[in-house]
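Visitor: Quick one: this structure, given as structure tokens, is what I'll be asking you about.
What follows draws every value from the coordinates through simple rules; no lab data is involved. Quantities reported herein were computed from a predicted structural model and do not represent experimental measurements. Glycine also receives a Cβ, built like all others from the backbone with ideal geometry; neighbour counts cover every protein chain displayed.
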Amino acid sequence: MSLTHLGSLMRGVRSVDQVGVEERAAALAKRSIKKASKLWALDLAIRCIDLTTLEGADTPGKVTALCAKGVRPQPGDASIPSVAAICVYPSLVATAVAHLRGSGVRVASVATAFPSGQSFTSIKVAETREALAAGADEIDMVIDRGAFLSGDYQRVYDEIGSVKEACGSTPLKVILETGELGTYDNVRRASILAMAAGADFIKTSTGKITPAATLPVSVVMMECIRDFSRETGKQIGFKPAGGIRTSKQAIAYLVVLYETLGPDWMTPERFRLGASSLLNDILMQIQKERSGAYQGADYFSVD
Amino acid sequence: MDVRKTYKLFAAGEFVRSESGRTYQPDGPHNVPRGSRKDLRDMVKAARGAFPGWSRRTAMNRGQVLYRAAEMLDGRRAEFRDLLGGGRPAGGQVDAAVETWVWYAGWTDKLHQFAGTVNPVAGPYFNFTLPEPTGVVGVVAPEEPALLGLVRRLAPALCGGNTVVALASERAPLAALTLGEVLATSDLPPGVVNVLSGKRQELLPWLAAHMDVNAIDAAGCTAAQLAQVQEAAAGNLKRVVQSGPGAEALSPHAALDLMEFKTVWHPIGV
């Protein structure tokens, strides 16, 4: 896209009604999902989880354990589905691939100088290629927030384009890191920019700063996806990540998803939840619905 | 001016209404929160969260906190006396409650010497046994006496380092809820004690079956309720303590009943 087109695209982004968005998110979060509907929602939530470990202290051992948990979250209970993907740093992709072969669980790798994104484009593209070569099925990239906030939309756009080119048909999730963008208007601009540049998913956060994913930000991003789909016919996916720890939160995201984007998006192909401790809470909630007794963390695996 | 007080639950260090919004009037004209199973769930979560910090405090520090509870209760004698119906019996009950706090405050740093042992074993081992707190304890307070009954079960549980979710007396919950105000000003970390009022029959099954509760002090259970509690408690092998005859007496065993014993085999002389 040429400079003038991009400029007019960004200028054409209408501002977000902050009060309206926050009120809508708060109202939807209150919806009560119980019993059979809750079990259905929790099952979908597990199938949409990108089970994530992104720590400096990650080891092949930890990734191996996470893969085992992702494939069979509740040992001895085959009615609990596998998660959508395991999300790791590029250097651990090979380990994850080796342990997930044949399981149907995908391997997602963060790339492009995660989490800051402050590096050279050539290095980001090279990192993406390496991750793909190691066997990653999906790439989670971060945008260069420094460039975005200083108004250099072209650079952000081109960089996403180069990484998408390196990805080829591999799904690319673009992390906006909404906590650093400051305003809903910026979130909307960044969402449109990322989708125009070729993102297959837009993702809220790295999980490394607070605030991470919030419901109002998700409403804004989902509305962008909806508008983009109406204009272009392309269905872009959405991934909230960071700070989603409880079943209640996960269900709130599903409610907002249903109300904003509709049933077409209620599938792991177009919706993911980036989380780590969420999975145990969902297992506890499912067990509570089945047994009728509140559960304790002592009886679930330690992450 | 006549200021009418709203009695509230004591949960995670805060005074809250029941999430259900329900109330009942067991004791005069006051609306008392009729707690729900979700209030109970939230309280257990708070108690679990508070457990590592409270149990790892030094025994001496726990003693100081329990002593401060006695000080705070002492300063509000008149209020509690009125709440308990006034007169000499009520005064006596408050006196006994203050004494209970002081007595168990003294026991926090003596339980280990009293109940811990060095065991003679046939081998090159230094073998010793120590009491450790059980975890989250559900205290079912007796219906009567409304204040002292609860304090007699609460103080020993805290003395050993447990955290507590207490079901207040169903018929006379005001003293228990006001005790929350005493504990809130006693340097007790939030969540260490939670006080829930409401209908026993509604709350007991959830408390007894809760997998994150490690023990239940069934002092206030009827025989039928006790059977019910024991059955549900089997789900995660909760310790169920029934206080038999002599439960009124101050005793270190009241604290030790809610503790587990850990035995360590330490190789020596190799």
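Visitor: Pairs of lysine in segment B:9-267 with Cα under 18 Å and at least 8 positions apart or on different chains: total?
Guide: Summing the qualifying lysine pairs gives 4.
Visitor: Once phi is turned into ³J(HN,Hα) by the Karplus curve 6.51 cos²θ - 1.76 cosθ + 1.60 with θ = phi - 60°, what whole-Hz value does each residue of segment A:168-180 show in order, with x for glycine and proline?
Guide: Calculated HN-Hα couplings, in order: x, 8, 5, x, 10, 9, 10, 8, 8, 6, 4, x, 9 Hz.
Visitor: To continue, here is another question. For peptide B:208-214, how many partner chain Cβ atoms fall within 10 Å of a residue's Cβ, on average?
Guide: Other-chain Cβ atoms within 10 Å of each residue's Cβ, averaged: 5.
Visitor: Now for a separate question. Around A:THR210, under 13 Å between beta carbons, what's the net of Lys plus Arg minus Asp minus Glu among the other residues?
Guide: Details: positive: A:LYS208, A:ARG245; negative: A:GLU177, A:GLU180.
Neighbourhood net charge equals 0.
Visitor: On a full-extension model of 0.36 nm per residue, what is the gain between A:SER150 and A:GLU289, subtracting their alpha-carbon distance, rounded to one decimal in nm?
Guide: 45.1 nm
Visitor: Please provide three numbers in whole Å: the alpha-carbon extents of segment A:155-201 along the principal axes, with the largest listed first.
Guide: 32, 18, 15
Visitor: Between A:ASP185 and A:THR267, with labels modelled 7 Å along Cα→Cβ, what's the label distance in nm to one decimal, could you check?
Guide: 3.8
Visitor: Check A:LYS203: other-chain or 5+ apart residues with amide H under 5 Å from its amide H, H built from backbone geometry?
Guide: A:VAL174, A:ILE175, A:LEU176, A:LYS239
Visitor: What ranking do B:HIS266, B:HIS112, B:HIS30 get, fewest neighbouring Cβ atoms within 10 angstrom at the top?
Guide: Details: B:HIS266 9, B:HIS112 12, B:HIS30 16.
Result, fewest neighbours first: B:HIS266, B:HIS112, B:HIS30.
Visitor: Next up: Trypsin sites (Lys or Arg not before Pro) within segment A:31-127: which are DSSP loop residues with at most 15 other Cβ atoms inside 10 Å?
Guide: For trypsin sites (Lys or Arg not before Pro) across segment A:31-127 that sit outside H, G, I, E and B with at most 15 neighbouring Cβ atoms in 10 Å, the list reads A:ARG31, A:LYS34, A:ARG101.
Visitor: Follow-up. Mind sorting A:ILE123, A:ILE86 by how few other Cβ atoms lie within 10 Å of their own Cβ, fewest first?
Guide: Numbers: A:ILE123 11, A:ILE86 31.
Placing the least packed residue first, the sequence is A:ILE123, A:ILE86.
Visitor: Could you give each residue of segment A:196-207 its phi-based ³J(HN,Hα) in whole Hz, using Karplus coefficients 6.51, -1.76, 1.60 with θ = phi - 60°, and x for Gly or Pro?
Guide: After applying 6.51 cos²θ - 1.76 cosθ + 1.60, I find 5, 7, x, 5, 8, 9, 10, 10, 5, 8, 7, x Hz.
Visitor: What ranking do A:137-143, B:252-258 get when scored by the average of other Cβ atoms within 10 Å per residue, highest first? It would help to have the intermediate numbers written out before the result.
Guide: Details: A:137-143: 25.4, B:252-258: 20.7.
Listed from highest to lowest mean packing, they are A:137-143, B:252-258.
Visitor: Amide H neighbours of B:ILE216 under 5 Å, counting only residues 5+ apart in sequence or on other chains, H built in-plane at 1.01 Å?
Guide: B:GLY138, B:ARG239, B:VAL240, B:VAL241
Visitor: List the extent of the Cα atoms of the protein assembly as shown along each of their three principal axes, largest first, rounded to whole Å.
Guide: 90, 77, 41
Visitor: Under a Cβ-only charge scheme (Lys and Arg +1, Asp and Glu -1), can you give me the dipole magnitude of the protein assembly as shown about the Cα centre, in debye to the nearest 20? Walk me through the numbers before you get to the answer.
Guide: On the way: 62 positive and 58 negative charges, 145 e Å.
Using only the charged Cβ atoms, the result is roughly 700 debye.
Visitor: In nanometres, what is the gap between the two model label sites at A:SER301 and B:ALA78, each 7 Å from Cα along Cα-to-Cβ?
Guide: Distance between label points: 6.2 nm.
Visitor: Around B:TYR24, which amide H atoms from residues at least 5 apart in sequence, or from another chain, sit under 5 Å from its own amide H, with H modelled in the peptide plane?
Guide: B:VAL32, B:ARG34
Visitor: Using a cut-off of 11 Å between beta-carbons, work out the net charge of the residues near B:GLY160 (Lys and Arg +1, Asp and Glu -1, B:GLY160 not included).
Guide: Working: positive: B:ARG62; negative: B:GLU132, B:ASP257, B:GLU260.
Taking every Cβ under 11 Å from that of B:GLY160, the sum is -2.
Visitor: Now a separate question. Considering all projection directions equally, how large on average is the shadow of the alpha-carbon convex hull of segment A:3-296, in square nanometres?
Guide: Quarter of the Cα hull surface area: 14.9 nm².
Visitor: Step through the residues of segment B:201-214 one at a time and calculate ³J(HN,Hα) from phi using the Karplus curve (6.51 cos²θ - 1.76 cosθ + 1.60, θ = phi - 60°), rounding each to whole Hz and writing x for Gly and Pro.
Guide: Whole-Hz 3J(HN,Hα) from phi for segment B:201-214: 4, 7, 9, 4, x, 6, 5, 5, 8, 5, 6, 9, 9, 9.
Visitor: Distance in nm between label sites at A:ILE209 and A:SER91, each 7 Å beyond Cα in the beta-carbon direction?
Guide: About 2.4 nm, to one decimal.
Visitor: What does the convex hull of the Cα atoms come to per residue for chain B, in Å³?
Guide: Here the figure is 135 Å³ per residue.
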